[in-house]
Amino acid sequence: MNRAPTLSRLRGLLLSVGAIGLMFGLGLAPEASAEETKALAASPQEVASGDVRGEVRLRKRWREVKDRSNIVVYLEGVPGAPPPPPEAVHRIRQHNKSFSPKVSAVVVGTTVAFPNDDKIFHNVFSMSRSMKFDLGLYKSGTSKSVVATRPGIVDIYCNIHPSMAAKVLVLDNQHFAVTGEDGTFAIEGVPAGTYPVVAWQVNGEAYRGEVTVSADEVTTIEIEMSAGRAAHEEHTRKDGTPYGRYR
């Protein structure tokens, strides 16, 4: 039996395998195609994360405040790409010549809508640097909206009714929560790490601290704050003139 062809093929195979191994060792392995690179970049990357839960305790002088709602607790410096604009629309309704909710928080890119549930006209506007807009007059049963494009505090008013006021805190990441009446909050899916934590209230100073988040664990924190005095907020109409007698 002639074994020469078989030995020749085996020798060629060994040489090919050795050449491939040498290429990888020298960093000369063939590059992935553009399609393969794009697919790899688009594939979701697993990031170790945990949750932050806690309670805000609000005191006014020596007494504890029972209603601890509408305090925004958020984290700063969380790594990662900016979040894509959320599909859900954040709605601030107008009813009985009042905004609801009066305090809210959204991430940059959120569409904020202002449905008019009253039987009268409204004109929602803001002169805040982070979100300056004027939605003009619109009637009952209709809605207009604006997109939050910059982080910051947005003061919102109605150009007809001076008693109507709301605040929106626009944040650059989605790691935030608004407290309920009992002061509790939950921020889920936070990448493991140590971050500044801020609790912001409409009246009074903000709380600043630090929290360490561990992977697959729930970190519990308690925040102590002093309630500020709810001052009457004076503001003008969108053109800078004082409100008339119509209220």
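Spot the failing condition for H122; the list is (1) at pLDDT below 95; (2) crowded, with 16+ Cβ neighbours inside 10 Å, and only one is missed.
(1)
Within the stretch 55-96, count every residue that is surrounded by 15 or more Cβ atoms within 10 Å (Cβ to Cβ) and on the phi > 0 side of the Ramachandran plot.
1
Please determine whether any residue of the stretch 102-114 is over 15 Å from M164 (Cβ atoms) and among the charged types (D, E, K, R).
no
Taking the options V211, V197, name whichever one is closer than 26 Å to P82 by Cα and out of contact with any Asp or Glu (no Cβ under 9 Å at 6 or more places or on another chain).
Sole residue among the options that is closer than 26 Å to P82 by Cα and out of contact with any Asp or Glu (no Cβ under 9 Å at 6 or more places or on another chain): V211.
Give S104, S130 a once-over and let me know the one that is closer than 26 Å to P196 by Cα, in contact with a Gly (Cβ under 6 Å, 6 or more places away or on another chain) and buried (at least 17 other Cβ atoms within 10 Å of the Cβ).
S130
Looking at the structure I just gave you, is E36 at pLDDT below 95 and charged (D, E, K, R)?
It is true that E36 is at pLDDT below 95 and charged (D, E, K, R).
Does the stretch 74-95 include one or more residues that are more than 21 Å from the chain's Cα centre (by Cα) and assigned by TED's automatic domain parsing to the domain that holds I153?
yes
If we keep just the residues of the stretch 218-232 that are part of a loop (DSSP other than H, G, I, E, B) and loosely packed, with under 12 Cβ neighbours inside 10 Å, which is modelled with the highest pLDDT?
By that ranking, first place goes to R229.
The values are calculated or read from the model by the stated rules, or taken from the named source; none is laboratory data. Just so it is clear, the model here is predicted, and its values are computed rather than measured. For neighbour counting, all protein chains shown are included, and Cβ atoms are generated from backbone atoms with ideal geometry for every residue, glycine included.
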